[in-house]
Amino acid sequence: MSALPVDPPRALPPLRVTYAHAALDDVLADRGVLAAIDFGHGDAATRDPRHVRVALQPLGDAPVEVWHARGEVHTGREGEVRWSRDDDYLFFAVEIDEHEAGGPDAAAERAYRAIGHLLATVRFADGSPAHVLRLWNYLDAINDGDGDDERYRHFCAGRARGIALPEGRGFPAATAIGAIDGRRVLQVYGLAARADGERIENPRQVSAWRYPREYGPTPPTFARAMRTPAAQLLISGTAAVVGHASQHAGDTAAQVEETLDNLGVLFAAIPAGSTPTLLKAYVRDAADADAVRAAIRARLPGLEGLVILHGDICRRELRVEVDGIRGG
Ligand code: 3EB
């Protein structure tokens, strides 16, 4: 008796990400582009669902981050969420007006419910559901409000209410950074794949979802990194946090070194020397940009890409945060 021929499961290929020095229109003219992310204030002159303009000013070099697809790209909108996918990966983005939603917590809840709906609806060509790997969150004036009334804490509460996760799988990797543009629009975008990744924590740091009460009533819901089935490392926003405490308050140079120590621990989750590595560094004070760039380049001489963005970190004493992707 012969068994029916069954195709072996196709391994998930890596997501190719580059920092392109090209005009946005030229990037989007390429139908092989899954997503294009650029940076700056002001509306984009495109309604292409593959594009998001993050409302942070680039300081220095301002490339377009390009996620390259394999094969055909499908795009669409599901409620307030726009998306694109190939046969392996899904990009999605949602922007919620805080005034319309009723504040940063309501905006976050609405954004995450909309994303959850998309993820529950989308199927890849092979029938696989979407597994969220990575989320980026940007909201204006993240440190406004005192104590538990801080806008970041309200955002965390709404995100925790809205986020829908498969039972027992933990949280995706994430970034949450403050825009400085005065537009009260929450931007959330993310990456999902047809296969789930592995959540990575940093033994130097208390897991964010276990942060003690002093950091707010609702702990942030993210893993320190996600290792994809293609052995890429999706690195969450990483700062000078050791244990649960911020280090070197107000000292940018020391915070960059501590942040790089934390990144070094995360890098060990994939084979040594994995390339490429693309990073984004967020600086609270634009005057720190050159020093932060130089310090990161000095510690990571082989770095393939580095973008410095002007953004507020979610704890007031933190002056710098770094996220990125490594391997592939
Ligand atoms: C920290 O280590 C810094 O709320 O999604 C980093 C990455 C931080 C993600 C989030 C917050 C978030 O706690 C802050």
Does at least one position in segment 234-241 carry a residue that is more than 10 Å from the ligand (Cβ to nearest atom) and surrounded by fewer than 20 Cβ atoms within 10 Å (Cβ to Cβ)? no
Which residues, counting only those in segment 242-261, are of a type in the set (Val, Ile, Thr) and away from the ligand (no atom under 12 Å from the Cβ)? 252, 256
Filter pass, residue 147 being surrounded by fewer than 19 Cβ atoms within 10 Å (Cβ to Cβ) and within 21 Å of residue 93 (Cβ to Cβ): no
In segment 110-167, how many are of a type in the set (D, E, K, R), part of a loop (DSSP other than H, G, I, E, B) and touching a residue at least 24 places away in the same chain (Cβ under 8 Å)? 2
Does segment 94-138 hold any residues that are touching a Pro at 6+ places or on another chain (Cβ under 9 Å), under 30 Å from residue 281 (Cβ atoms) and away from the ligand (no atom under 16 Å from the Cβ), and which are they? 98, 119, 131
Does residue 61 meet the test of being at pLDDT below 95, over 19 Å from residue 188 (Cβ atoms) and under 20 Å from the mean Cα position of the chain (by Cα)? yes
Among the residues of segment 35-46, are any among the charged types (D, E, K, R), without any contact (Cβ under 8 Å) to a residue 24 or more places away in the chain and open to solvent by 70 Å² or more (accessible area, probe 1.4 Å)? yes
Take the residues of segment 184-201 that are part of a strand (DSSP E or B) and open to solvent by 30 Å² or more (accessible area, probe 1.4 Å): which is nearest to residue 310 (Cα to Cα)? 185
Run residue 194 past the list (1) within 16 Å of the ligand (Cβ to nearest atom); (2) out of contact with any strand residue (DSSP E or B) (no Cβ under 6 Å at 6 or more places or on another chain) and report the number of the one that doesn't hold. (1)
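Residue by residue, here is whether (1) surrounded by 21 or more Cβ atoms within 10 Å (Cβ to Cβ); (2) within 18 Å of the chain's Cα centre (by Cα); (3) among the β-branched types (Val, Ile, Thr) holds:
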| residue | (1), (2), (3) |
| --- | --- |
| 95 | no, yes, no |
| 108 | yes, yes, no |
| 141 | no, no, no |
| 169 | no, no, no |
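Condition check ((1) on the phi < 0 side of the Ramachandran plot; (2) touching a residue at least 12 places away in the same chain (Cβ under 8 Å); (3) open to solvent by 10 Å² or more (accessible area, probe 1.4 Å)) across all residues:
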residue: 272; (1), (2), (3): yes, no, yes
residue: 287; (1), (2), (3): yes, no, yes
residue: 291; (1), (2), (3): yes, yes, yes
residue: 294; (1), (2), (3): yes, no, yes
residue: 307; (1), (2), (3): yes, yes, no
Return the residues of segment 47-71 that are outside any strand (DSSP E or B), of a type outside the set (A, V, I, L, M, F, W, C), open to solvent by 30 Å² or more (accessible area, probe 1.4 Å) and in contact with a strand residue (DSSP E or B) (Cβ under 7 Å, 6 or more places away or on another chain); say none if nothing qualifies. 60, 61
Say whether the condition of being within 16 Å of the ligand (Cβ to nearest atom) and over 16 Å from the mean Cα position of the chain (by Cα) is met by at least one residue in segment 295-305. no
Pick from segment 219-229, criterion more than 10 Å from the ligand (Cβ to nearest atom) and open to solvent by 20 Å² or more (accessible area, probe 1.4 Å), ranking: farthest from residue 151 (Cα to Cα): 229
With the checklist (1) within 14 Å of the ligand (Cβ to nearest atom); (2) part of a loop (DSSP other than H, G, I, E, B) in hand, flag the one item residue 181 doesn't pass. (1)
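The values are calculated or read from the model by the stated rules, or taken from the named source; none is laboratory data. Small disclaimer: the values here were computed from a predicted structure and weren't measured. Here Cβ is always computed from backbone atoms with ideal geometry, including for glycine, and neighbour counts include all displayed protein chains. Remember, those area values only see protein heavy atoms, side chains included, never the ligands or the DNA or RNA. Shrake-Rupley method; radii C 1.70, N 1.55, O 1.52, S 1.80 Å.
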